[in-house]
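Read-outs throughout are calculated quantities, based only on the coordinates presented, and are distinct from any laboratory measurement. Since this is a predicted model, take the numbers as computed values, not measurements. All Cβ positions, glycine included, derive from the backbone under ideal geometry; neighbour counts span all protein chains shown.
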Amino acid sequence: MWIFLGSECLFFGSLIATYLIFKGEIDLPPFPSETFIETAYLEEAVASGEITEVASHLCHESSEAGISVCEGIFDIPLTSQSTFVLLMSSVAMVLAVYGAQHNRPMMMKFWLLATMLLGVIFLGYQVYEFRTFGQEGLTLETSQFGASFFVLTGFHGTHVAVGVLILGSLLLASFRRRGLGSEPGFQVETAGLYWHFVDIVWIVIFTVLYLIPA
Amino acid sequence: MATAAGTIAAPTTESVVWSWITTVDHKRIGALYGVTAFIFFLIGGVEALLIRTQLAVPNGTVIDAQLYNQLFTMHALTMIFLAIMPLGAAFFNYMVPLMIGARDVAFPRLNALSYWIFLFGGLVLTSSFFFGGAPDTGWFAYQPISSSQFAGSGMDFYVIGLMILGISSLAAALNFAVTIINLRAPGMTMMRLPVFIWMTFIVMFLLILALPVLTVALIQMLFDRQFTTSFFLPDGGGDPILWQHLFWVFGHPEVYILILPAMGVVSEVLPTFSRKPLFGYAAIVFAGIAIGFLGWAVWSHHMFTTGLGAVQQAVFSASTMAIGIPTGIKVFNWLATMWGGSIRFTTAMYFAIAFVAMFTIGGISGVMHASPPVDQQQQDTYFIVAHIHYVLVGGALFGVFSGLYYWWPKMTGRLLGETLGKWNFWLMFAGLNIAFFPMHFLGVSGMPRRIYTYDPNLGWDFWNLVATVGAFILALGVLFFIINVFKTQQREPDAGDNPWDAPTLEWATTSPPPEHDFDVIPEVHSREPVWYMRDHNMTTPDPEPGTHIHLPPPSYYPIIIAFGVLLLGLGPLSHLAVTALGVPVIIYGIWGWTLEPTE
């Protein structure tokens with residue numbers, strides 16, 4: 001599992017690198033964070049159909065003449081909540097592993113369920129965020145920002161979903177008469193490694209995408 | 001044996017076909033890899049012959065430009081992903097457990113899964129010929145020529161085929177890395193591992209780290225082609241050079257993935273037939289590790305003509321030249337191994353010595369275009385074609401043939417015929433040099449790669465004809481190998497356990513090995529365990545009566561999951577509903593796999 005996670009590091013590394021390469025080249029809304037832009041340039045882009053009406057509503061005249069200010073699309077308080085949820089799921093995962101290793105099946109089952117639920121809540125936040133961004137005019141084809149953002153976070157979300165499936169399988173299997181077999185600690189710990197890894201990747205994504213300003 | 005509800009019991013029938021489909025024995029999987037890869041190798045060879053026939057004379061009319069583009073692209077993809085890589089996989093599947101003194105790999109069912117996914121991936125890639133044309137933009141699929149605007153559905157097969165093959169290689173790499181770390185026999189320390197195992201070990205890590213980068217590039221290309229993004233399309237603000245970076249970050253380690261197993265084979269063959277231990281074992285191992293590391297720092301030498309900037313060019317030029325150092329260390333150690341040995345000139349030894357010579361030629365022309373000004377002259381000319389074929393045919397493929405002659409008696413109990421073997425060798429050796437050496441001249445006189453025909457009176461006529469003749473001689477050499485195999489298999493097994501008096505552990509068991517490899521797991525006392533036993537008059541101990549050897553039972557699940565992966569991949573090629581169908585198949589397969597009793 002450790003070796004597999006090494007492979008995953010390069011997977012997400014390449015996706016994050018793609019995002020960073022294109023980050024400097026965003027010159028039209030929607031922007032990730034608050035950005036100033038020449039009004040004339042913006043109006044030209046709207047007139048030529050390069051950006052949608054919806055996206056242009058993110059911008060308004062600033063106090064300085066000829067310069068518009070555009071709202072950032074990221075909602076940091078909201079994403080902080082979902083990040084907190086995912087972090088708490090890692091805590092739950094630790095407790096589930098503890099239960100599995102110390103022969104306390106009820107504790108393991110409870111915290112496995114908790115980890116899963118927190119994972120599902122995180123996915124819910126992500127679905128909501130994707131929907132909102134779509135309504136504000138950010139799609140796969142809008143800009144390089146849209147493409148690299150959705151592909152990166154989409155694949156992270158897929159990893160979380162796969163994690164939920166793994167945990168769900170463990171939980172179901174633990175209700176069999178044989179439980180998780182002779183080595184429940186090892187199995188739950190391996191699933192836990194994966195879960196923590198996906199969590200850590202999110203911390204990197206949250207820092208690089210959301211917190212570091214353009 | 002109790003079976004969980006809804007799952008399939010492990011197969012119990014003795015039907016030959018089903019026993020191969022459900023096998024988890026590393027030796028059988030190795031044989032499957034070998035046969036499949038050899039068939040793909042022949043397909044790739046036919047593609048090469050068509051290319052050379054077209055180019056034999058100026059204004060050739062054998063095939064048209066469209067088909068020519070498909071053929072050179074598929075020739076490269078077939079030879080790299082479906083022939084050389086899986087031929088290496090055939091050897092390490094068969095040999096790793098035997099050489100480290102284990103009864104099987106760490107995850108036998110995962111091993112079967114790797115094979116079936118490889119087979120399906122290869123079929124997807126090759127079937128593109130019948131569904132609207134094969135990929136036709138070169139194996140590197142530069143952007144934006146491979147975008148949906150310019151390239152047909154062949155490129156979708158390229159994306160999906162390579163992704164599926166990537167899953168297979170990744171699973172195999174994880175499996176063998178874990179096997180080599182955890183399943184070594186008592187006394188088999190890391191520094192007593194045979195060099196072939198060390199090179200395999202390094203290749204596994206290269207695969208594990210390089211494949212995800214290719215996967216990301218392919219995913220982005222898939223999104224560009226199917227879901228309206230423009231990662232690589234300049235019209236939408238994308239960056240075609242990004243594709244080149246991602247592709248070569250994978251692509252250059254891939255070169256070492258192809259050559260290191262061959263280096264490992266040669267490091268086994270040379271000492272055996274020189275009757276001397278390998279000279280400078282530690283130096284060769286560390287040189288291999290150094291190549292593995294440096295291989296990550298040279299990718300941009302494929303991109304000197306994209307205008308990287310002076311500093312970048314200087315850095316990548318220097319790191320590329322630096323790779324010549326560990327490679328040189330290996331070459332000199334191989335020569336020193338033969339020095340003063342009592343050499344037996346078997347066919348395996350011929351191929352190994354030719355490997356050293358041919359690989360050195362290819363290596364030197366490689367160092368030549370490590371220099372950016374030289375590279376800018378040679379880029380996209382036949383000089384590069386000559387270089388890659390010296391390292392891939394003279395290097396990787398000769399290593400594979402050396403290994404085939406060396407290990408055939410272990411795998412089948414029969415020694416391949418030496419007379420036909422010498423014919424096989426000399427024809428391939430002559431064919432290689434006649435076909436590819438003139439390409440150096442063609443390249444220097446300006447003949448570009450990937451043109452489907454050329455005008456007369458450019459000074460290219462003569463050497464092109466020579467190269468075509470060489471290609472057919474090379475093919476004739478391969479034909480002699482096939483004849484040799486058929487004639488050999490008609491004889492009675494007569495090889496004995498250790499016909500070459502070789503030093504490594506696989507020769508300590510019978511030929512072919514029993515299903516459980518070793519009756520008693522041997523204890524290792526030296527780098528040359530079989531010679532150690534010979535010199536100390538030790539015999540392999542008899543198994544204690546009544547011991548039960550636990551072997552994993554055969555399983556249906558590897559092929560079920562592989563089929564699910566195939567459905568997943570076919571979705572983007574046909575209808576996304578097929579992908580949706582693949583998901584439950586995979587989940588069902590994984591469930592059954594987990595619940596299947598392995599006792």
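Structure notes:
- Dipole axis of chain B (+1 Lys, Arg; -1 Asp, Glu on Cβ), positive-most option in B:Leu566, B:Gln376, B:Ile586: B:Gln376
- Expressed in Å, the radius of gyration and Dmax of the Cα atoms of the range B:443-570 are 26.3, 79.
- Listed from fewest to most Cβ neighbours within 10 Å, the set A:Met88, B:Met85, B:Met533 follows the order A:Met88, B:Met533, B:Met85.
- Between the amide H of A:Ile67 and those of A:Thr39, A:Ser62, distances stay under 5 Å, these residues lying 5 or more places away or on another chain, with hydrogens modeled in the peptide plane.
- Short-range pairs are left out: with C-alpha atoms under 8 Å and at least six residues apart, the relative contact order of the range B:24-536 is 17 percent.
- Dipole axis of the protein assembly as shown (+1 Lys, Arg; -1 Asp, Glu on Cβ), positive-most option in B:Ala172, B:Pro326, B:Gly477: B:Gly477
- Cysteines not pairable in the protein assembly as shown (beta carbon separation under 4.7 Å absent): A:Cys9
- Estimated distance in nm for a label pair at B:Gln490 and A:Glu34, the labels positioned 7 Å out from Cα along Cα-to-Cβ: 8.7
- Exposure proxy ranking for B:Glu528, A:Glu34, based on other Cβ atoms within 10 angstrom of each Cβ and starting from the fewest, stands as A:Glu34, B:Glu528.
- Cα-only radius of gyration and Dmax that characterise the range A:95-136, units Å: 15.6, 50
- Computed about its Cα centre, the charge dipole of chain B is approximately 720 debye, with only Lys, Arg, Asp and Glu carrying charge at their Cβ.
- Dividing the convex hull volume of the alpha-carbon atoms in the range B:76-198 by its residue count gives 100 Å³ per residue.
- Projected-area average for the protein assembly as shown over all orientations - Cα convex hull basis, square nanometres: 37.9
- Result for chain A in a Gaussian network model with C-alpha springs under 10 Å: among A:Leu78, A:Leu58, A:Leu138, the largest mean-square fluctuation is at A:Leu78.
- Counting only DSSP beta bridges whose two residues both lie in the protein assembly as shown, roughly 90 percent are antiparallel.
- Only alpha carbons enter this Debye calculation for the range A:76-211, each as an equal point scatterer, and the log10 of I(q)/I(0) it gives at q = 0.12, 0.18, 0.20 Å⁻¹ is -0.50, -0.92, -1.07.
- Ranking of A:Tyr128, B:Tyr405 by neighbouring Cβ atoms within 10 Å, starting from the fewest: A:Tyr128, B:Tyr405.
- When +1 charges are put on Lys and Arg Cβ atoms and -1 charges on Asp and Glu Cβ atoms, the dipole computed for the range A:95-214 relative to its Cα centre reaches about 640 debye.
- Computed over chain B, the alpha-carbon pair-distance distribution with 10 angstrom bins reads 3, 16, 27, 27, 18, 7, 1, 0, each value a whole percent.
- Amide H within-cut-off set for B:Gly60, under 5 Å, with H built and near neighbours excluded: B:Tyr454
- Helical segments meeting 24 Å axial Cα length and Kyte-Doolittle 0.0 threshold in chain B (DSSP H): B:26-55, B:108-127, B:154-182, B:195-226, B:240-274, B:310-338, B:347-368, B:418-444, B:461-490, B:576-595
- Part-to-part distance (alpha-carbon centres) for the range A:1-60 and the range B:128-161, which is given in Å: 28
- Charge-dipole axis of chain B as Lys and Arg at +1 and Asp and Glu at -1 on Cβ define it, positive-most pick from B:Met349, B:Gly496, B:Ile451: B:Met349
- Couplings for the range A:116-124, taken from phi via the Karplus curve 6.51 cos²θ - 1.76 cosθ + 1.60 with θ = phi - 60°, read 4, 4, 4, x, 5, 4, 4, 4, x Hz in order; Gly and Pro are left as x.
- 5 angstrom amide H check on B:Asp519, placed H, neighbours 5+ away: none
- Karplus-derived HN-Hα couplings along the range A:141-156 (A = 6.51, B = -1.76, C = 1.60, θ = phi - 60°), whole Hz, x at Gly and Pro: 9, 4, 7, 4, 4, x, 4, 6, 5, 5, 5, 5, 6, x, 5, 5
- Across chain A, Cα pairs under 8 Å and at least six residues apart give a relative contact order of 26 percent.
- Rounded Å value of the spacing that divides the Cα centres of the range A:107-145 and the range B:313-349: 53
- Within chain A: Cβ-based charge dipole about Cα centre, in debye rounded to nearest 20 (Lys, Arg +1; Asp, Glu -1): 1960
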